[in-house]
1. Please tell me if Ile106 is in a helix (DSSP H, G or I), aliphatic (A, V, I, L, M), within 28 Å of Leu168 (Cβ to Cβ) and over 14 Å from the mean Cα position of the chain (by Cα).
2. Return a yes/no flag: does segment 86-93 have any residue that is part of a helix (DSSP H, G or I), surrounded by 12 or more Cβ atoms within 10 Å (Cβ to Cβ), out of contact with any strand residue (DSSP E or B) (no Cβ under 9 Å at 6 or more places or on another chain) and without any contact (Cβ under 8 Å) to a residue 24 or more places away in the chain.
3. Here are Ala89, Ala162: which of them is within 30 Å of Phe179 (Cα to Cα) and not acidic (Asp, Glu)?
4. Out of Glu97, Glu146, Glu115, which single residue is in contact (Cβ under 8 Å) with a residue 40 or more places away in the chain, of a type in the set (D, E, K, R) and part of a helix (DSSP H, G or I)?
Amino acid sequence: MALQTPLPPHLRRGLTTFSGSLFINNKTGDCGLRQVYTPGQEVLSCLPLQMMLYFNVFYFPFWCLAEGVMLELKYNLLPTYYQVLLAGAYVMIILLEGLRLYLGYIGNLQEKVPELAGFLLLSFLIQLPILLFLLADVNTIRLPLETAVHLILLLFLTSEIAAAFFALKGMTKQLAQRFYLKQFEEGPEGKPPASMRGCHWGEVSWGTLPPIDPELALVPAREH
């Protein structure tokens, strides 16, 4: 007798879709969003980037807890404008980090250029300058634990930026190759050339060859 799952059907579908977006090549194949690779297609997902994103997801809650405790300890010792700056910087990092990690997961696993480009821009243009400000400004009264957690997050961030840059470079190159190949196969008007219709690469259909003149077929070949 088969056991019935206690989860509602809509919740099961939602969990299946979510797991399929994170783990594309699941062995059960129960998600329609999984990435399908054709034979001979190069896998461009970056394993080091995916590993760093995975550990970053588990490290970020610890960073939030440590920063909350450190900010509470030194908040009353800071000037008013530094109180506003630090509070705004921490809130921005916390709000954008979830979106940044999600874009990195989807862009790398599903080989999507826009998502990976968004991850790279968020990392380089927003998260990195804020983190460097928190580390470089001596007026923020940096505590030893605060400096340590910032340095670890900075190591994650710089490594992810470098890995994402090379992964994005490879993906855009392959995307351009696919585009030009598709244009070559379809021809200038979006249709396959007349000589290529009815046949595949490496194959020749006899119906597409021009007729042979019988008189020319009987002429012997000239000796060189």
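1. So Ile106 does not fit the description; no.
2. yes
3. Ala162
4. None of the others qualify; the one that does is Glu146.
The numbers here are math on the coordinates, done by the rules we state, and not lab data. None of these values were measured; they are calculated from a predicted model. For neighbour counting, all protein chains shown are included, and Cβ atoms are generated from backbone atoms with ideal geometry for every residue, glycine included.
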